[in-house]
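The values are calculated or read from the model by the stated rules, or taken from the named source; none is laboratory data. Computed from a prediction, not measured in an experiment: that's the story for all the values here. Here the Cβ positions follow ideal geometry from the backbone for every residue, glycine too, while neighbour counts run over all protein chains shown.
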Amino acid sequence: MPLEKRGAALGGPFAFRRQRASVGAAMLEIASDKVAHIIIKAREYDAKVGSWDDSAKAGDAEEDPESILEDYANDPTRAELAGFIDALNDDEQAHLVALAWIGRGTFAPEELEEAVETARDERVSGTSEYLLGIPLLADYLEEGLERLGISVEDAENDVL
């Protein structure tokens, strides 16, 4: 896909403002166990469903074990995930965004360095806000790791 068209697919705070030249492949500069932690937490966040009972006891797992999957205003899953992403350094955040783009197919694995540079250059708002707005974030990160030849299962097992 040409870079001009690819920019439209990025959207959000990472929309293209200019073209970048193709650069050689690079190494992923975020630990796979950190990515695995984000994948696991993103899956927890994605599994949430709208709450049907907003009473004072709503979300009490002892009364209703299935309530842990309900999305309440005071649910810490999103805040915990956003806090973890925000605590990453700028290089790790750029590589995380690039990994999601590779998993989504916006960039090819051999374009990792270009994807990272684009993520750095086009950042307009918080990385966690951008990433948590991507449907299927966990799937894209997992696919990105696989496309780069990194074992997702090994990374997740290290976290669990």
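Could you check how many residues of the range 74-93 are among the polar types (S, T, N, Q) and under 12 Å from residue 129 (Cβ atoms)? So the answer is 1. For the range 87-96, the set of residues classified as in a helix (DSSP H, G or I), closer than 16 Å to residue 33 by Cα and under 13 Å from the mean Cα position of the chain (by Cα) consists of 92, 93, 95, 96, listed by residue number. Of note, residue 61 satisfies the criterion of being at pLDDT below 55, touching a Ser or Thr at 6+ places or on another chain (Cβ under 7 Å) and loosely packed, with under 12 Cβ neighbours inside 10 Å.
Just one of the listed residues (105, 50) is modelled with pLDDT of 95 or more and either over 21 Å from residue 138 (Cα atoms) or exposed (fewer than 15 other Cβ atoms within 10 Å of the Cβ) (or both), namely 105. Considering 4, 114, 110, the condition of being in contact with a Phe, Trp or Tyr (Cβ under 9 Å, 6 or more places away or on another chain), farther than 16 Å from residue 137 by Cβ, at pLDDT 85 or above and part of a helix (DSSP H, G or I) is satisfied by 114 alone. If you go through the range 79-102 and keep only what is out of contact with any Phe, Trp or Tyr (no Cβ under 8 Å at 6 or more places or on another chain) and either modelled with pLDDT under 95 or surrounded by fewer than 22 Cβ atoms within 10 Å (Cβ to Cβ) (or both), you end up with 79, 80, 82, 83, 84, 86, 87, 88, 89, 90, 91, 92.
Across the range 7-14, not a single residue is classified as under 20 Å from residue 136 (Cβ atoms), modelled with pLDDT of 90 or more, surrounded by 14 or more Cβ atoms within 10 Å (Cβ to Cβ) and within 17 Å of the chain's Cα centre (by Cα). When residues in the range 133-153 are screened for being under 15 Å from residue 45 (Cβ atoms), crowded, with 18+ Cβ neighbours inside 10 Å and either without any contact (Cβ under 8 Å) to a residue 40 or more places away in the chain or not aromatic (Phe, Trp, Tyr) (or both), 5 of them pass.
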